[in-house]
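The values are calculated or read from the model by the stated rules, or taken from the named source; none is laboratory data. Since the structure is predicted, the reported quantities are computational estimates derived from the model, not experimental observations. FYI the Cβ positions are ideal-geometry reconstructions off the backbone, even for glycines, and counts take in every protein chain you see. What goes into the accessible areas is simple: the full protein's heavy atoms, side chains included, and nothing from ligands, DNA or RNA. Shrake-Rupley method; radii C 1.70, N 1.55, O 1.52, S 1.80 Å.
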Amino acid sequence: MSPRPKVLTTTPLLVVSDLQRSIDFYGRLGFGEPGIWGEPPCFAMINRDGLELMLSLTEGAAKPQPNGPHGVWDMYIRIADLDAELAALSQAGVAIDRGPVTTMYDMREIDIIDPDGYRICVAQNVE
């Protein structure tokens, strides 16, 4: 079998009900430099520290279908310093839904719920 090419990254795609509201919310999480496409705007890519996030506006009668209302993560973001992140989120007015908690698998985590109900876990390795 031939060697496989190196995986460089993964890019989550969230289907959202209000593109600008989502861009603004994720901006409060530190994502920036939005690229916005469509007329009217219907798709955006934002990034933080090389992690890209795609936001796509719902079409027709479709609605976002997040796992968050069922207590399941839609996205898991590992960071270097959870305390610093908590301070930045507080300053940005972002509510924490759960945590911080230390898990049995040696992570310290918080959960945030976005405007469409997507559950984002932000976590740091316990050292």
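Which ones in region 75-122 are farther than 13 Å from Leu29 by Cβ, in contact with a Leu (Cβ under 9 Å, 6 or more places away or on another chain) and either in contact (Cβ under 8 Å) with a residue 60 or more places away in the chain or in a loop (DSSP other than H, G, I, E, B) (or both)?
Listed by number, the list holds a single entry, Asp116.
Tell me which residues, restricted to region 1-51, are surrounded by 12 or more Cβ atoms within 10 Å (Cβ to Cβ), more than 11 Å from the chain's Cα centre (by Cα), modelled with pLDDT of 95 or more and in a strand (DSSP E or B).
Residues satisfying the conditions are Val15, Val16, Ile36, Phe43, Ala44, Met45.
Considering only region 61-76, state which residues are open to solvent by less than 80 Å² (accessible area, probe 1.4 Å) and either touching a helix residue (DSSP H, G or I) at 6+ places or on another chain (Cβ under 9 Å) or within 19 Å of Arg21 (Cβ to Cβ) (or both).
Within region 61-76, Ala62, Pro64, Pro66, Gly68, Asp74, Met75 qualify.
Specify the residue that is farthest from Glu109 (Cα to Cα); the eligible residues are those in region 52-74 that are in contact with a Leu (Cβ under 9 Å, 6 or more places away or on another chain) and in a loop (DSSP other than H, G, I, E, B).
The residue in question is Pro64.
Can you tell me which residues in region 1-43 are under 21 Å from Ala61 (Cβ atoms), touching a residue at least 12 places away in the same chain (Cβ under 8 Å) and not polar (S, T, N, Q)? Quick ask: steps written out before the conclusion?
Of the residues in region 1-43, the ones under 21 Å from Ala61 (Cβ atoms) are 13-22, 38, 40-43.
With touching a residue at least 12 places away in the same chain (Cβ under 8 Å) added as a condition, the list becomes 13-22, 38, 41-43.
Of everything in region 1-43, those that are under 21 Å from Ala61 (Cβ atoms), touching a residue at least 12 places away in the same chain (Cβ under 8 Å) and not polar (S, T, N, Q) turn out to be Leu13, Leu14, Val15, Val16, Asp18, Leu19, Arg21, Gly38, Pro41, Cys42, Phe43.
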